[in-house]
Each structure stands twice: as structure tokens, then as C-alpha cells.
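Quick notes on the structure that follows.
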Amino acid sequence: MAGLKILPPLEPGDLLLLDGGMSTQLSRYVTGVDEDPLWTARSLVEHPDKVEQCHMDFINAGARIILTDSYQISEQGFKDHLSLDSKATRDVIVKSVQIARTAVTKCGRPDNYILVGGSIGPYGACQHDGSEYTGDYIRNGSVTKDDLVKWHRPRIEALSKAVVDFMAVETQPTWQEAIAILDCIAEVDPVVPVWVTFTVKNETSLANGEMIKDAINHVMRHPLYGSGRIFALGVNCCSPKVITGALDSIRAVNRSLPLVVYPNSGEEWDGAERCWKGVPQVWDECVSDWLKRGTIIFGGCCRVDSDQVMQLRVSVAKALMKQLR
């Protein structure tokens, strides 16, 4: 898609591979990840070498963007399950960035060749009840916007202190939480770029039922968008089969920013039974459609490991060659 507005940290001509699901990759090395209320975050404390190895696996598979293992870190969670105080929790968040940077160095990649994004997952992810896929805590009014800003602030401050290349506001089930996070970023860091990705239930709706178009409009009205700090929009942590339609919904209201796509394998998470169900889907035929709509960052989320990221690299190359014919 021609005419995209390329903003830092992206550069003209970029077509980048993102990493895959940290939990899936980490499960190669650590048992019980999906059953853990801290999910992958516990390993930052107990198995930091394994987290580093996961980053290296993705880099060696071709990823030029890796996200920190901070998606499911919260002060309350670390207090309840690791007996860590606020300062210690923030130190772990800073450590998540350092581990990612070390992985880049150990893989021998040049400076600035790999972008390190600070992962900012939704409030629901840290409740360990699947509510990141529903946003029920917003719908039922149990959590306010002020609550969300206060809750997200420690992680955002720590990621800013550690100097990530950008912040990945990801897996957002509602526009309200995305805006609360953007407000917090604007208060904490005067320069860091941001991407915003939503999790969707179908081609037109976010996970909580709100319209994708409305969510994008809310993001576009935020001061960070007006100042050019939001450099990409997209979808993640959802079925591959709904992504093309979801991108069309984004494009209906925004035709200028690059898109980022990182779906799940196609299996679905059963929050009650704490397991994945279904079978993976083939992405090859979808990648070309995503590329045509202006996607320049491709990766994977849950149940997507480094082998699949390597396969995705081939799929993107094939789609690009087909488009250039």
C-alpha cells in the first residue's frame, strides 16, 4: 500500500518481522507457564536466562522487533506471588529491557538493527481470568479510567527509565483502556514512540464488542497521535481468520499509518479450563492480503513459536515477491 506515513522508529522501506509468543517459546524451557498466575513474568525473576534464550530464538528466526517480557507484570501480582515490593517490581521491569538488549548483543546484531519494544498488556492479563479477551472490568464499571492510569503507571515509568525503542500498547480489549495507557505515557515520557494494537472478536468489533472504527477514531483524537508519536496501529492475540476484515475496519478510518499484525495460531484460550483448544490455522494465504492493506510489521502471539516465525518470514517474502510482479 503506497503513501504510508512512516514515523520513528520506523524507516522508509521497512518490512519487519516481529517475534512470537513468549509463553509458547518459554514453555520449551520452563514447565507450567500457562498455569502460572504470573505467566511468563515469573521467569524474569526465577529463570532470566531462559527469557534471554527465547529472545535469541526469535532473533535467530529473523525477528527485527522483540517485545520485553513485561506484558503480565503488576505490583500487586508480584507482591502476592513473589513477595516483592514496588521498587523490586520496577527493577524487574527494567531488567526485562536489559535482558532483551543482552539477547540482541549475544546474537551479534548491529546497533539499532533490532528494535526493543516495551510490552504493555491490559489490566485483564494480570487478573489471570481471561478478561483481557472480554474487557469485562471496563463494561461492569469495576475499574475506572483513573484506576487504570494509576495501575499502569509503574510499568510505564520503569520501561521509560530503561529506554525502550518504543512502547507496545497491546492486546487491548477496549478503547477506554488504550486511551488511559496513552494518557499515562504522555505524562511519563515526552518522546517515546508508541504502537497500539487491539484484540478483536470479529472483523468489525473489539473483544468487548465495541466497534473497531470507533476505537481507532478515539486513538486518532489523542494528543500522542497528533504529535506523531503513534507510529503504527493493528491487531494481535486473535484468530488469523478475522484479521483481514479487522484491517479493513482500521483502514476505513485511517489510511496513513502502517499496520502491525501478530495473531494467535488460531487456537482459542479456554479461561475456565486454563488451556488452548482447537487447531492452528495456515497463514500463508492471508499474509498477502495483510501486506496489500499496508501491514509492514508481521509477527505472532500466543501459540506461535520461533519455528513458526521463521515460516512467517518465508510467507512474507513470497507475498512481497507476488506483489512486485
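Got a sec? Which of Val149, Val164 is of a type outside the set (S, T, N, Q), out of contact with any Phe, Trp or Tyr (no Cβ under 7 Å at 6 or more places or on another chain) and part of a loop (DSSP other than H, G, I, E, B)?
Val164
Return yes or no: is Val116 hydrophobic (A, V, I, L, M, F, W, C) and either open to solvent by less than 20 Å² (accessible area, probe 1.4 Å) or in contact with a Lys or Arg (Cβ under 6 Å, 6 or more places away or on another chain) (or both)?
yes
Can you find even one residue in region 257-270 that is within 15 Å of Ala319 (Cα to Cα) and modelled with pLDDT under 95?
No.
Considering only residues that are modelled with pLDDT of 95 or more, in contact with a helix residue (DSSP H, G or I) (Cβ under 9 Å, 6 or more places away or on another chain) and not in a helix (DSSP H, G or I), look in region 75-112 and name the one that is most open to solvent (accessible area, probe 1.4 Å).
Among them, the one singled out is Asp85.
Identify all residues within region 264-288 that are under 29 Å from Leu324 (Cβ atoms) and among the small types (Gly, Ala, Ser); write none if there are none.
Ser265, Gly266, Ser288 - these are the residues of region 264-288 that are under 29 Å from Leu324 (Cβ atoms) and among the small types (Gly, Ala, Ser).
Being outside any helix (DSSP H, G or I) and among the aliphatic types (A, V, I, L, M) is the filter here; which residues of region 113-144 pass it?
Scanning region 113-144 gives Ile114, Leu115, Val116, Ile120, Val143.
State all residues of region 24-33 that are modelled with pLDDT of 95 or more, surrounded by fewer than 22 Cβ atoms within 10 Å (Cβ to Cβ) and of a type outside the set (A, V, I, L, M, F, W, C); if no residue qualifies, say none.
Hits for region 24-33 are Ser27, Arg28, Tyr29, Thr31.
Go through region 289-302 and report how many residues are over 15 Å from Gly3 (Cβ atoms) and either among the charged types (D, E, K, R) or in a loop (DSSP other than H, G, I, E, B) (or both).
Count: 5.
Restricted to region 208-245, and to residues that are surrounded by 24 or more Cβ atoms within 10 Å (Cβ to Cβ) and at pLDDT below 95, which residue is nearest to Gln281 (Cα to Cα)?
Checking each candidate, the answer is Cys238.
Of everything in region 246-288 that's among the β-branched types (Val, Ile, Thr) and in a loop (DSSP other than H, G, I, E, B), which residue is surrounded by the fewest Cβ atoms within 10 Å (Cβ to Cβ)?
Val279
Would you tally the residues in region 167-195 being of a type in the set (Val, Ile, Thr), touching a Leu at 6+ places or on another chain (Cβ under 9 Å) and assigned to a strand (DSSP E or B)?
2
Which of the residues that make up region 189-207 are in contact with a strand residue (DSSP E or B) (Cβ under 7 Å, 6 or more places away or on another chain) and open to solvent by less than 50 Å² (accessible area, probe 1.4 Å)?
Val192, Pro193, Val194, Trp195, Val196, Thr197, Phe198, Thr199, Val200, Ser205, Leu206, Ala207 - these are the residues of region 189-207 that are in contact with a strand residue (DSSP E or B) (Cβ under 7 Å, 6 or more places away or on another chain) and open to solvent by less than 50 Å² (accessible area, probe 1.4 Å).
Is it the case that Glu75 is of a type in the set (D, E, K, R), touching a residue at least 24 places away in the same chain (Cβ under 8 Å) and within 24 Å of Val169 (Cβ to Cβ)?
yes
Of everything in region 34-46 that's at pLDDT 95 or above and among the hydrophobic types (A, V, I, L, M, F, W, C), which residue is surrounded by the most Cβ atoms within 10 Å (Cβ to Cβ)?
Checked region 34-46; the qualifying residue surrounded by the most Cβ atoms within 10 Å (Cβ to Cβ) is Ala41.
Are any of the residues in region 234-246 in contact (Cβ under 8 Å) with a residue 60 or more places away in the chain and either in contact with a Gly (Cβ under 6 Å, 6 or more places away or on another chain) or of a type in the set (Gly, Ala, Ser) (or both)?
yes
The values are calculated or read from the model by the stated rules, or taken from the named source; none is laboratory data. Values in this document were obtained by computation on a predicted structure and should not be read as measured data. Using ideal geometry, Cβ is built from the backbone for each residue, glycine included, and neighbour counts are taken over all protein chains shown. Note: areas computed on protein heavy atoms with side chains; ligands, DNA, RNA excluded. Shrake-Rupley method; radii C 1.70, N 1.55, O 1.52, S 1.80 Å.
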